[in-house]
Amino acid sequence: MIRVTLFFLILILILLVGNVSLFPYVIHLKAQQVEKGPVIDGYLNDEVWQQAVLFTDFKMVLPETGKAPSEKTELRVLYDKKSIYIGVYCFTADPSTIAVTDLQHDQHERHGESNDVIRILLDPFQDKRNAYVFFVNAKGARTDGLATGGEGFSTDWDGIWDAESKLKKDGWCTEIKIPFKTISFNPKLSEWGFNVERYIPTKLETIRLSGISKDSFFYNPAEAALLGGIKNIKQGKGITFKPYATLEMSRDYENNQAREWKVNGGFDLYKNFTPNLVGVLTYRTDFAETEVDERQINLTRFPLFFPEKRSFFLEGSEIFSFETGEGYRPSFIPFFSRRIGLYQGDQVPIDWGVKVYGKIGRTNIALLDVQTRAFDSVPSGNFAAGRIYQNIFSESKVGLIFTSGEPGSEEHNTLLGIDFKYATSHFLKTKNFAVGGWWVNNWNTLTNGKHYGYGVKIEYPNDLLNFHVNYSYFGDSLEPGLGFLPRNDVQQYESSFKFSPRPKKGLLGKLIRQIGFENYAWLYWDLNGNLESSRVSVAPMTVINTESGERLEFFFITHREVLPESFKVADNVVIPIGDYTYYRYQYLVRTASHRKVAAEIFYETGGFYSGKLSQLNVSTDFSYKANIRLGLEGIFVRGKLPEGTFRETVYRAKADFYLNPDLGLMTYLQYDSVSENIGVNCRFKWRISPGNTVYIVYNKSWEKGFDLLSSYSSRRFFSLQDRGIFKIQLSWRP
């Protein structure tokens, strides 16, 4: 391991000496100061817009990099003392091709891929690492979040801002208003990092202001233009008071309890100590409006990952991001906020919490302290976490992390870690490259064993060639109380390799946008070097994205599992200790998501330990003018092993009805055959004005069981519990 570490240290030195970041020509725009900003109605016809400097020189990123876009786009930027205003006119030769499939807030995947959309990136610090991101589609549906460089962004941040869009005879336009009270900024800067991107889904066309290389990521602030002319702006008193009140009705049918009524209330108090450092105090935190988790099928020996959805913990969470990585199936997260206020699937009441997050110069900081109330057999607890990292060089960082607390216990559990990342978007002039590493130590009740972990990784995420290599070591006594670590006592190697050319000539060029050879590998050894698990998947030029937006995949997968102990994969099916090698085949067909009816079929079949297993996932979405969206999904697993056969099924159904982006009813129904439980989650949301919202939430569950009153011993669904909540959330900013 020492040799590996030395290798990476030498590599970093070579990069630092030989790859000085030379930023290319930077586009400059000007925001025009006005006495009073425009009315936000989506029409873009307020006279004050005539004072703005018009910008139309957008360039195409895809499919023809650097060429003039197929459609004209006009950009205007204004600001007054309180807000910045962004107006975009998206001309469209055939307005009937404008795609709008969703009006729900923060549906960035659907807004980004299936909708005509405008994306805005703001970097008010010009640190070229962190930025605010705002999406608006052609009917005014909004998404907001934070970008931290790289290929994607998170919706972990929700700001108070406004936007309206209108469809026109020659296209569509949008108006965006972002109050300076909503964002943090450096008041000494007169220029901000700024980028704008337009996506046309029916053409799969991406148009951008700055960073137009295929290897450039819109969410990388280092690729942004500069927006100048900003001066004499203020955040006001920097105070936001967000009180809430709830009326709750609940009943536990399983224990034959009478219906209960409760009235509750609490608040969040925000204080901007500086324009870029925020403090938050929460009292009796409530998460009634949070959408329920998706039900999943677990065919492994290890726990599944469910993402955080609660707003208090999401704000500032990007600072807690650690170099271990946090993808769809993360291997290790040192601070995982779902460990606070949730225990074995039940909500634990939170009495209060305090949080400070933001920037001090080139230093990023986040501190969190939460006190939970005793709940059933779970004692009250205090949980703390802290994160600090320093921006170094042009796009890199080095930092520390700390956590303290053990959910469900009064025992001590503390973690301390360090990490670093050297990153550049100008490696070999135009390519993205990163190398990083981390180390943590955990103090818990275990007296023996190895309490530490460490890892190193290399990333080269570019369009034609994209690869990464990651090595991690997790000690046998590494059990962080506030972390997510599904598998310790192992060494892990993970890698991916993608070669994805874009055909330009002949029949392939007409039909296929991009074709890929892809290889993924996951290998686990115990701490003595004995193999425990391996999974290697290969797509031999069988990942195909068509010019019409469809996607086809075929993977060949080889598995090896050396089970140190038996495990229960399903009811009455236990896989014994042994060494298993098996092969599987994976197929995917997905239609273009911008269509009114979209569908996806995923099928995987082949060996599974000592027998065979097949899994079929089928989903479809229907959208009518974005006001009605219906979705159905089924997951069907069938296993046949010498130890027994099993069937597991999950059904999901969604029905969303919106009058406009501010007023809608969302219903989510789920059933799984393991628990034989049906759950429904209905949420009515009315955003009266930015920051002021009314919610009505209803949850009910049923469980399948035998009807003892029936002479035929029939099975039917019995009510377990229901819960209804009326909540009003207000916001006041002096």
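Values in this text are rule-based calculations from the coordinates and carry no lab data. Nothing here was measured: the structure is a model prediction, and the numbers come from that model. Cβ coordinates were reconstructed from backbone atoms using ideal geometry, including for glycine residues, and neighbour counts include every protein chain displayed.
General remarks:
- If you sort the three axes of the alpha carbon gyration tensor as a ≥ b ≥ c, you get a/c under 1.5 for region 31-228, which makes it rounded.
- Exceedance of the 20 Å cut-off in Cα-Cα distance is limited, within the set K309/K654; K72/K169; K72/K510; K128/K237; K59/K505; K81/K177, to K72/K510; K128/K237; K59/K505.
- Region 41-154: C-alpha gyration tensor shape, a/c 1.5 cut-off, then a/b vs b/c: rounded
- Protection proxy ranking, peptides 244-253, 206-215, average beta carbon neighbours within 10 Å, highest first: 206-215, 244-253
- Spatial separation of Cα centroids for region 602-622 and region 332-364, in angstrom: 36
- Shape of region 328-383 from the C-alpha gyration tensor: oblate (a/c of 1.5 or more and a/b not above b/c, with a ≥ b ≥ c the square roots of its eigenvalues).
- Using 0.36 nm per residue and subtracting the Cα-Cα separation, the extra length available between Q347 and Y460 on full extension is 36.6 nm.
- Within region 33-113, the GluC sites (Glu not before Pro) that combine a DSSP coil assignment with at most 15 other C-beta atoms in a 10 angstrom radius are E35, E64.
- Spin-label model, V574/S610: points 7 Å from Cα along the beta carbon direction are separated by 1.2 nm.
- q = 0.19, 0.23 Å⁻¹, region 124-180: log10 I(q)/I(0) [Debye, one scatterer per Cα]: -0.75, -0.94
- Distance between region 126-150 and region 399-452 - C-alpha centres, whole angstrom: 27
- Residues L204, L511, arranged from fewest to most other Cβ atoms within 10 angstrom of their Cβ, appear as L511, L204.
- Over the chain, DSSP H runs of length four or greater, each weighted -39,500 (n - 2.57), average out per residue to a 222 nm ellipticity of -1500 deg cm²/dmol.
- Cα centroids of region 274-293 and region 182-252: 19 Å apart.
- Using R0 = 30 Å, the C-beta based FRET efficiency linking L669 and F375 works out to 0.60.
- Residues V77, V637, ranked from the fewest to the most other C-beta atoms within 10 Å, line up as V637, V77.
- Taken along its three principal axes, the alpha carbon spread of the chain comes to 76, 63, 55 Å, from the longest extent down to the shortest.
- Angstrom value of the Kirkwood radius, inverse mean 1/r, which spans all Cα pairs in region 291-414: 16.0
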